[in-house]
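The values are calculated or read from the model by the stated rules, or taken from the named source; none is laboratory data. Since we're looking at a predicted model, the values are computed, not measured. Cβ placement follows ideal geometry from the backbone for every residue including glycine, while neighbour counts extend to all protein chains displayed. The protein model used for the area step is the full one, side chains on, heavy atoms only, and it has no ligands, DNA or RNA in it. Shrake-Rupley method; radii C 1.70, N 1.55, O 1.52, S 1.80 Å.
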Amino acid sequence: MRRLPPVLIEDGCSRELLSLIRTILAACKEISFRVGQGALSGVLGSTLDENIQGETQKKLDVLSNQLLKDILLESGYVKAIASEEEDYTVAGNPDAEYIVAFDPLDGSSNTDINSLVGTIFSIMRAPKDSDPADERIFMQPGHQQVAAGYVLYGPCTTLALTIGKGTRIFTLDKTHGSFMLTQEFAKIPEDTKEFAINASNQRHWQPAMQNYVNDLLAGDTGPRGKNFNMRWIAAMVGDVHRVLCRGGLFTYPADTKDPNKPFKLRLLYEANPMALLVEQAGGMAHTGDARILDIDPQEIHQRVSVILGSKNEVEACLAYHK
Ligand code: AHG
Ligand code: MN
Ligand code: MN
């Protein structure tokens, strides 16, 4: 079994990028340890604070953010960072080549119930001669990401990573702290009988999504002519991992529940990195209107609708949106 560094070097990953990825993973190993300690390390429960998006921060959101932020800024490998838990971008080393956007802890409603959580990250190149304090350096479409990945803190800790040459899965060997390659190339099956959506929002969806899901639920007596199964982990990182492992469709569509918040998932540190991982594994990632990786971001916490997974099923869903 091979360790992560030689695998990435073989793929043509530069020393600088490899060092940056290893820096992110060093923080993730510590998050993995803290998540694994659960109540023993006093990290469960909420803080009294909200992030800029009006969401109450869990203690583990704050801790994970601090770990990633400190280790990245200390390393000198990043020009700037953007995080779900930071109001604004934070400037780093002006001479560094890369910028990183991250969701320090995805699925934070799962922290207190010992269920799946993870860290999602997106690495882009900083424009030449740019100002590290200028947020606009993050306004790049997702297809410009040089690397994207997530670390899933589950029964085992797994890493899904792409540097644009396929999506690979690594498993953290906790006996010596190395991420070991456990799946050479993830390949999402083109067809599926599984979908993931928070069905409690059904009455707030647009007609296209209502119609699509109704037809899935109609099963083999409906227009799709087959029965579908449903899963919902409430952590995108867990749902996308299942899609990478065995296919499926995952969506968090637009809804009218809160008129000020038509979409839930954030483009820079949720939708974009997941879209790259999924496309690199042969799947598709779309908003219903556009390919996610082609969107020009307007602001760092921008939200989008997400429909991703098995290619033929995403296309079937998009047919309802035409
Ligand atoms: P986060 O914990 O980083 O705020 O993200 C949670 C996101 C995503 O991971 C998940 O798919 C979705 O929110 C769950 O939403 P519901 O609570 O509506 O199920
Ligand atoms: Mn998240
Ligand atoms: Mn989060």
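Tabulated data for the structure shown
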| item | result |
| --- | --- |
| Any hit, the stretch 115-137, residues being away from ligand 3 (no atom under 16 Å from the Cβ) and within 22 Å of Met236 (Cα to Cα) | yes |
| Selection count where residues are more than 16 Å from ligand 3 (Cβ to nearest atom) and either under 13 Å from Ala316 (Cα atoms) or in contact with a strand residue (DSSP E or B) (Cβ under 7 Å, 6 or more places away or on another chain) (or both), scope the stretch 226-246 | 7 |
| Residue list for the stretch 105-122, restricted to those being touching a helix residue (DSSP H, G or I) at 6+ places or on another chain (Cβ under 8 Å) and either among the β-branched types (Val, Ile, Thr) or within 9 Å of ligand 2 (Cβ to nearest atom) (or both) | Leu105, Asp106, Gly107, Ser108, Thr111, Val117, Gly118, Thr119, Ile120 |
| Helices (runs of 4 or more DSSP H) lying entirely in the stretch 208-322 (those with 3 or more residues that are open to solvent by less than 20 Å² (accessible area, probe 1.4 Å) and either within 11 Å of ligand 1 (Cβ to nearest atom) or touching a His at 6+ places or on another chain (Cβ under 6 Å) (or both)) | 236-246 |
| Members of the stretch 34-43 found to be surrounded by 15 or more Cβ atoms within 10 Å (Cβ to Cβ) and out of contact with any Leu (no Cβ under 6 Å at 6 or more places or on another chain), listed by number | Arg34, Val35 |
| The listed residue being more than 16 Å from ligand 2 (Cβ to nearest atom), open to solvent by 20 Å² or more (accessible area, probe 1.4 Å) and under 20 Å from Ser178 (Cα atoms), out of Pro155, Pro127 | Pro155 |
| Residue match in the stretch 51-73 (condition: open to solvent by 40 Å² or more (accessible area, probe 1.4 Å), part of a loop (DSSP other than H, G, I, E, B), away from ligand 1 (no atom under 15 Å from the Cβ) and touching a helix residue (DSSP H, G or I) at 6+ places or on another chain (Cβ under 7 Å)) | no |
| Counted residues, the stretch 84-115 - those being buried (at least 23 other Cβ atoms within 10 Å of the Cβ), under 16 Å from the mean Cα position of the chain (by Cα) and part of a loop (DSSP other than H, G, I, E, B) | 2 |
| Positions within the stretch 123-151 being touching a helix residue (DSSP H, G or I) at 6+ places or on another chain (Cβ under 9 Å) and in a helix (DSSP H, G or I), in sequence order | Phe138, Gly142, His143, Gln144 |
| Sole residue being at pLDDT 95 or above and closer than 20 Å to Phe138 by Cα, chosen from Ser75, Ser32, Ser64, Ser19 | Ser75 |
| Conditions (1) touching a residue at least 60 places away in the same chain (Cβ under 8 Å); (2) within 16 Å of ligand 2 (Cβ to nearest atom): number failed by Ala285 | (1) |
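Listed here are the residues, each with its yes/no results for (1) farther than 30 Å from Ala290 by Cβ; (2) within 16 Å of ligand 1 (Cβ to nearest atom).
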{"position": "Asn93", "(1), (2)": "yes, no"}
{"position": "Gly107", "(1), (2)": "no, yes"}
{"position": "Asn114", "(1), (2)": "yes, yes"}
{"position": "Thr119", "(1), (2)": "no, yes"}
